[in-house]
Amino acid sequence: MSTEQFEVVIVGGGTAGVDMAARLRRHFSPASIALLEPSEHHYYQPLWTLVGGGEATKEQSMHLEKDVLPHDITWIKERAAEFVPSENLVVTDGGRHLTYRFLIVAPGIKIDWAAIPGLPEALKDDPRVSSNYDYNLAEKTWRAVQNFKGGQALFTHPATPVKCGGAPQKIMYLAEDYWRIHGVRPNAKVDGFFSTGGIFPIPAYAKTLNEVLQRKEITMHFRRDLIEIRPETSEAVFRNLDAPDEIETVRYDFMHVTPKMFPPDVVAKSPFAVADGPTKGWFKVDVKTLQNPDYPNVFALGDSAALPTSKTGAAVRKQAVVVEKNLMSVMKGESLTAEYNGYTSCPIVTGYGKLVLAEFGYDDKIMSSFPFDTTKERWSMYMLKKHGLPVMYWDLMMKGLA
């Protein structure tokens, strides 16, 4: 089979891939940039929280991929199936062989719905069970929130990394707010079963969120992992992560599930994957330069990268600048000077018209972009999430300008 040659191959046409394509076309001939992405649609996924809470429509979160990609790059509508870095080669699932001078890896994260037995069946057949981690299911969440008239409501967070780590609790607060506004709350018990050790890892934000939990009378069960759903008996089964033999079964009348997530198979099975430890299977990079330590012409960013920070679009916005600058340094034979400081942002919706904007970097250092205390609930930050951030995404990030 013949080999197609490119200056740059970008794997993934999500947030990170499109941002990088827009940036790199300023440095390379657009036709010499190949981007692998099979999907015809591109999603602004942070909006799905608001879809699940009835504050947005799913259609507002979607654009056609062809409308967000730079029109003059080479779009290959296939997935990467294999990396052969010793030959600067990517093999696609359609059997195409692409060689590169530089490789940017940003295939996102793998959502494994089947990793929790009973979840696929519940999502398909049980109108009370949903998840905001899917374009169509977020709409189902909103229907389930509206149809809930009382009983036990459950919200889960799995024992794996997840994209947008605040999302599992955002819908919990929105749903509780809706039920309180519509008189359902006195008949409801709202519980969170989270694998985490607390509501948030940074004390300043955790203080506010614990006050929210107390105000909303939500009971949290930490270090609990959903391991099975039994829709036929309306039961959710949880494991105590601190005592693995301890299993708890809880009946539900409503449940929002955050599915388990893993590195994409093409990354996990590649020479680029971290071999062991807590980030095993994720793409190995220097946490500051975002360069692969074994192959200097290869960079990774976004959800698939083994970085000790939350997997968010806000993180990608900062990572893309670093990759662009450092790739140019490699091309010129210069040392790498751009460094990623771990910045990420979690806009945590705590109810209708209320939001805590958590911004932080490596070592959980608070890195606020505003000259006021964003550890507090604010209406202005809710408006930023609902109206400002989508505009920034489509009009700036997707053009490599943010």
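See the values below:
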| read-out | value |
| --- | --- |
| Extreme residue, most open to solvent (accessible area, probe 1.4 Å), among residues of region 90-110 that are of a type in the set (Val, Ile, Thr), touching a Ser or Thr at 6+ places or on another chain (Cβ under 9 Å) and in a strand (DSSP E or B) | 99 |
| Condition met for residue 232 (among the acidic types (Asp, Glu) and in contact (Cβ under 8 Å) with a residue 24 or more places away in the chain) | no |
| Scope region 62-85; condition over 24 Å from residue 391 (Cα atoms) and of a type in the set (Asp, Glu); matching residues | 78, 82 |
| Enumeration of residues in region 341-374 that are surrounded by fewer than 19 Cβ atoms within 10 Å (Cβ to Cβ), closer than 28 Å to residue 181 by Cβ and of a type in the set (Ser, Thr, Tyr) | 352 |
| Matching residues, region 137-164, being among the aliphatic types (A, V, I, L, M) and surrounded by fewer than 21 Cβ atoms within 10 Å (Cβ to Cβ) | 159 |
| Among (1) assigned to a strand (DSSP E or B); (2) in contact (Cβ under 8 Å) with a residue 24 or more places away in the chain - the single one residue 207 does not satisfy | (1) |
| Test set (1) touching a strand residue (DSSP E or B) at 6+ places or on another chain (Cβ under 7 Å); (2) open to solvent by less than 50 Å² (accessible area, probe 1.4 Å) - residue 167 fails condition number | (1) |
| Options 289, 208, 279, 258: the member that is buried (at least 17 other Cβ atoms within 10 Å of the Cβ), β-branched (Val, Ile, Thr), in contact with a Pro (Cβ under 9 Å, 6 or more places away or on another chain) and farther than 26 Å from residue 139 by Cα | 279 |
| Condition met for residue 128 (of a type in the set (Lys, Arg), open to solvent by 20 Å² or more (accessible area, probe 1.4 Å) and closer than 30 Å to residue 15 by Cβ) | no |
| Pairs, first of a type in the set (S, T, N, Q) in region 331-352, second part of a strand (DSSP E or B) and at pLDDT 95 or above, C-beta under 7 Å, six or more apart | 344/360; 345/357; 345/358; 345/359; 350/356 |
| Residue in region 186-196 that is touching a His at 6+ places or on another chain (Cβ under 9 Å), over 27 Å from residue 64 (Cα atoms) and outside any strand (DSSP E or B) present | yes |
| Strands (runs of 3 or more DSSP E) lying entirely in region 1-86 (those with 3 or more residues that are open to solvent by 40 Å² or more (accessible area, probe 1.4 Å)) | 3-11, 62-64 |
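The values are calculated or read from the model by the stated rules, or taken from the named source; none is laboratory data. Please read these numbers as outputs of a predicted model, since none were measured by experiment. Cβ coordinates were reconstructed from backbone atoms using ideal geometry, including for glycine residues, and neighbour counts include every protein chain displayed. Ligands, DNA and RNA are excluded from the accessible area calculation, which covers all protein heavy atoms including side chains. Shrake-Rupley method; radii C 1.70, N 1.55, O 1.52, S 1.80 Å.
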